[in-house]
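Report on the following structure.
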Amino acid sequence: MAEDNKHQAQGQGTVTLTIDGQQTTVARGTTVLEAAQALGINIPTFCWHSKLKSVGACRMCYVEIEKMAKLQVSCATEAVDGMVVRTDSDQVKQGRRAIIEFILLNHPLDCPTCDKGGECDLQNLTFAHGIDDSRFDFQKYRFREEGTASTFDDVRIGPEIVLNRNRCILCYKCVRANKEAFGEYDLGVYERGNIAEINAAPGEQVDNPYSGNLVEICPVGALTNTDWRYKIRVWLTQTTPAVCNFNSSGVNTTFFKENHQNRIFRVTSRRNDGIDDGWLSDVTRYGYQIVNSADRLKTPLVKKEGKQVPASWEEALVLIHRRFSEIKDKKGNVCIGGLIEPSLDNASLYSFSKFFRTVLPSNNIDFRSHYRMLPPTADSVFSKMCAQPFKIADIDDSDVIVAFGTDLVREHQNEYLRIRKARNFHDARIFAANPYHVKSADVTELELVYSVGTDESFLNAVCLAAIEEKLTDSAEAEAYRQKVSPSSLDQASRECGLDKEDLKSLARALAGARKVTFLAGELVTRSIAREAIAAALANLNRLLGINRKGQMAILPRYANSFGAEKLGLLPYPSDNLRRELTSMWGEFPDAESHNTDAMMALMKKEEISGFFVMGSNPVMLYPDREFAREGLEKLEFLVACDLFETETTAIADVVLPLCSWAEYDGEYVNLEGKSQKSVRAVKPIGEARPGCEIMNMLAPKFGKVLFESDATMAAEIDRLLQLDGAPELPFEFLPVVRAEFERDEAYPYPLFVCDDPHHSGHLTEKATSLANFVGEAYIELSPESAARHDLKQGDSVRVESKVGKVIVPARISDHIDSDAVLIPRNFSSTPVTSLLMRKKRLDWVRLSKVDV
């Protein structure tokens, strides 16, 4: 039984046992191994993992238990009252020596050439048990690739993973983790007995979004990855604690670096059970490679005679001051705006905000460059729903979990694993509701696929199903019906295209749950109908009391989205936050505020003339490429900071090289509101600077100092982060009526633009390993849609909307079974956002096969 299974035993009593003379009391259901670990007693293992169910495959965890005739495997033996256990007796030592000797029968003694050397469990335990010779002299069995005489063949079984079957000890940990923790089946065990082998599934490669974990948990050198393989020996590296910069969970990681080379060599997990359970997505594991990229911006650039040329920091800063000052004098400070990436650290975000509001001063500031038609005020229902409290670990023991409007494997990979864990260990009832089938619904009891553009209608239908099932107070039911349209379940179910019985099943589950986790994601956040959807969510919460017995929230997507909002990076901060900022600064600009959409519209009208972009790439990622590009090109002066040259830096008048998160100390606020520190691993590349340093260098050019010291800045940031928590959701039911949308029969396919599971944003295509998994954009579509156009896997497809077109290869999906099509936005070579229009709720396209 894995450690998380102990939760099942809570409330069922305890047992007391003695281990190596120490008495301990543990929850009923705890294994002997876990009880020993709680006492600080180390029992060696190969196959056991705390987040997987125990199978007792390797037998290395033998212990002696009184009144039991044979040695027992401690990882699969439940502790019982009065049990007396010995973990270090002569019999136990002999048993473990025998296990190691048995494993070494066919194991090659190639430690000097094995990349696992120095961190190999088998190597360490062999030395620990004093085994330095073998009693056997027969020929060892060797796996050989067909057609080769080599006995130490390395076989590439995925874009990153290399398999050496001769080193495998058949602990099955990789296969179990792949299936149990990640829900993937691209790795398996084949044959049996002494010729059993781990290998990729026939005709497949191991390329799932969590594949790097299989290498990390392998106890020997059977699985290695090309990212780290033969680059450096582990004992020559130093480690640094870090936080993932590619997701909002705040997954804890460790950088392995070499100081003399100023280079990071790999990232591994740094287990934090409250957040990540020690699992990493491949984006987290390999995304660090952008830090080492040869394409990094290394020096400031300024535009001279229409061409960007290298410049000094002093020249660049003086030019920024002169041009912004000219715009202020000519048109006023309201004609300058700023946009910052929400994956930057707290200090960079706050410095950017303080510079704009106290130095320029201007309220034209935002961090939401990925979304269109944003809410005009801070007190919108959507904003309140995004700020609701949420705990990742609370997913584990929720008995009902609903994932609504989110493709978890593309957006919240860490939370998907927690949902799988809740299902595996606690039999949680899982529901998914989206406008298309998603891979993450593989653990659901019921997947509800509603008609595109009817998100709020679906939520309304769930409420009406609860009313029809008499799961709510009659007065509440009547009050609700007065606010919504349609107000009958028959009409609502027809509107969203779902069966009434499925809706009732979900309603009954929510009403009868002990603890609920209800999470929503990017399909809500990116919709221009987000206010109506948020109102429908608030109504559902009000009707069934979800927040009273659990948690409901719209989850942020980026590494510091939560922090950006708490630190005042919105054009219109909350009243409470505004008062706090005024108290700290002594002033707050009394000027009109504009969000990302409004600023771009004003650029096109030439009413905003100066703009500062830090870390963001709106030309590539804003969901109306032409609108963003045209606005930015009309500016009198544009400053862009980034790690690489991008579509946005290409049109800038000044380009500043930005540090990556690995090149300075920074703190990030995850989706729970928890601030975590990431420590500098390497020195900055070239003349790159952190965002906070750039703003602190620029402010004196305007005659201002942002902070007297680093301590002052830290104190101000901490003061803002400590402000009162989540705003209350409305006490009354809110009106909800489905927003109508246009549909042209000439464009029959609804398009969803998203992240590929191996990418995040605009930077990860620069990571070599991630590009090995997916290096170009594609269109993912159902087999039925492909058949309509005689498309086969990999065929070129012309995708056209009313405003743009792209040509991409086809990827025929096993999951999608509707007309929906998906295209990732992570590749600069395919301007997928040119297909989108910012004022449209849904984007529709037509497809045609490109004959080569």
Problem set entry | Computed [θ] at 222 nm, deg cm²/dmol, the chain (DSSP H ≥ 4; -39,500 (n - 2.57); rounded to nearest 500) | -7500 deg cm²/dmol
Seminar exercise, completed: The farthest towards the positive end of the charge dipole of region 101-238, of the residues Cys171, Tyr210, Gln123, given +1 on Cβ of Lys and Arg and -1 on Cβ of Asp and Glu, is Gln123
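Taking Cα pairs under 8 Å and at least six residues apart, what relative contact order does the chain come out at, in percent?
Values: 1797 pairs, mean separation 111.1, N = 852.
About 13 percent, as a whole number.
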Exercise. Considering only Asn42, Ser134, Leu17, whose Cα is most displaced toward the positive end of the charge dipole of region 1-148, charges sitting on Cβ of Lys, Arg (+1) and Asp, Glu (-1)?
Worked result: Leu17
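Where nothing but the Cβ of Lys and Arg (+1) and of Asp and Glu (-1) is charged, how large is the charge dipole of region 450-509 around its Cα centre, in debye to the nearest 20? The partial results should precede the final answer.
On the way: 7 positive and 12 negative charges, 11 e Å.
Charge dipole, region 450-509, about its Cα centre: 60 debye, nearest 20.
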For this session: With a 1.4 Å probe and all protein chains in place, put His815, His789, His759 in order of accessible area, largest first.
Result: His815, His789, His759
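Is the C-alpha gyration tensor of region 580-672 telling us rounded, prolate or oblate? Criteria: a/c under 1.5 is rounded; beyond that, a/b larger than b/c is prolate, otherwise oblate. All intermediate terms of the calculation are to be shown ahead of the outcome.
On the way: a/c = 1.80, a/b = 1.11, b/c = 1.61.
In terms of gyration-tensor shape, oblate.
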Seminar exercise, completed: Of all DSSP beta bridges with both partners in the chain, the antiparallel percent, nearest 5, is 55 percent
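What part of the accessible area of the chain, given as a whole %, is carbon or sulfur when the probe is 1.4 angstrom?
Values: 15330 of 32590 Å².
Here it works out to 47 percent.
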Problem set entry | In order through region 334-339: 3J(HN,Hα) via Karplus (6.51 cos²θ - 1.76 cosθ + 1.60), integer Hz, x for Gly, Pro | 5, 8, 10, x, x, 9
For this session: May I ask you to evaluate 6.51 cos²θ - 1.76 cosθ + 1.60, the Karplus curve with θ = phi - 60°, for each residue of region 37-54 and list the ³J(HN,Hα) values in order in whole Hz, giving x for glycine and proline?
Result: 4, 5, 8, x, 8, 8, 10, x, 9, 10, 8, 7, 9, 5, 9, 10, 6, 6
Exercise. Glu728 accessible area, nearest 10 Å², 1.4 Å probe?
Worked result: 130 Å²
Exercise. Excluding ligands and nucleic acids, what accessible area in Å² is computed for Arg418 using a 1.4 Å probe, to the nearest 10?
Worked result: 0 Å²
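Which order do His370, His594, His260, His321 take by accessible area at a 1.4 Å probe, largest first?
Values: His370 10, His594 30, His260 175, His321 60 Å².
Ranked list, largest accessible area first: His260, His321, His594, His370.
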For this session: Taking the Cα centre of region 269-370 as origin, sum charge times position over the Cβ atoms of Lys and Arg (+1) and Asp and Glu (-1), and report the length of that vector in debye to the nearest 20.
Result: 500 debye
For this session: Quick one: grab Rg to one decimal and Dmax as a whole number for region 544-626, Cα atoms only, in Å.
Result: 16.8, 51
Exercise. How large is the charge dipole for the chain, taken about the Cα centre, if only the Cβ atoms of Lys, Arg (+1) and Asp, Glu (-1) carry charge, to the nearest 20 debye?
Worked result: 700 debye
Exercise. Using 0.36 nm per residue, how much length does the chain from Lys231 to Arg719 gain when fully extended, once their Cα-Cα distance is taken away?
Worked result: 171.3 nm
Exercise. Which cross-chain or sequence-distant (5 or more) residues have an amide H under 5 Å from the amide H of Arg156, H modelled 1.01 Å from N in plane?
Worked result: Leu163
Exercise. Where the centre of each part is set by its Cα atoms, how far does region 467-544 sit from region 381-419, in angstrom?
Worked result: 17 Å
Exercise. Ignoring ligands and nucleic acids, what accessible area does Ile685 show with a 1.4 Å probe (Å², nearest 10)?
Worked result: 40 Å²
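Determine the per residue accessible area of the chain with all protein chains present and a 1.4 angstrom probe, expressed in square angstrom.
Details: 32590 Å² over 852 residues.
Solvent-accessible surface per residue comes out at 38 Å².
Relative contact order (percent) for region 499-557, with alpha-carbon contacts under 8 angstrom and 6 or more residues of separation?
Numbers: 41 pairs, mean separation 29.1, N = 59.
Over region 499-557, the number comes to 49 percent.
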For this session: For region 427-447 and region 79-97, write down the distance between their C-alpha centroids in whole Å.
Result: 44 Å
Seminar exercise, completed: With Cα coordinates, the longest principal axis of the chain makes an angle with the long axis of helix 575-585, in degrees rounded to 10, of 80 degrees
For this session: Note down the relative contact order for region 655-814 as a percent, whole number, built from C-alpha pairs under 8 angstrom at least six residues apart.
Result: 12 percent
Seminar exercise, completed: Quick note, the chain: a/c under 1.5 would make it rounded; otherwise a/b > b/c is prolate and the rest oblate (a ≥ b ≥ c, C-alpha gyration tensor); here it is prolate
For this session: Return the whole-Å distance between the Cα centroid of region 618-651 and the Cα centroid of region 547-600.
Result: 24 Å
Exercise. Got a sec? Charge dipole of the chain, +1 on Cβ for Lys and Arg, -1 for Asp and Glu; which of Ile290, Pro824, Phe246 is way out at the positive end?
Worked result: Ile290
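The values are calculated or read from the model by the stated rules, or taken from the named source; none is laboratory data. From a predicted model like this one, the values you see are computed outputs, not experimental measurements. Quick reminder, even Gly has a Cβ in these numbers, built from the backbone with ideal geometry, and neighbours come from all protein chains shown. With ligands, DNA and RNA removed, areas are computed over all heavy atoms of the protein, side chains included. Shrake-Rupley method; radii C 1.70, N 1.55, O 1.52, S 1.80 Å.
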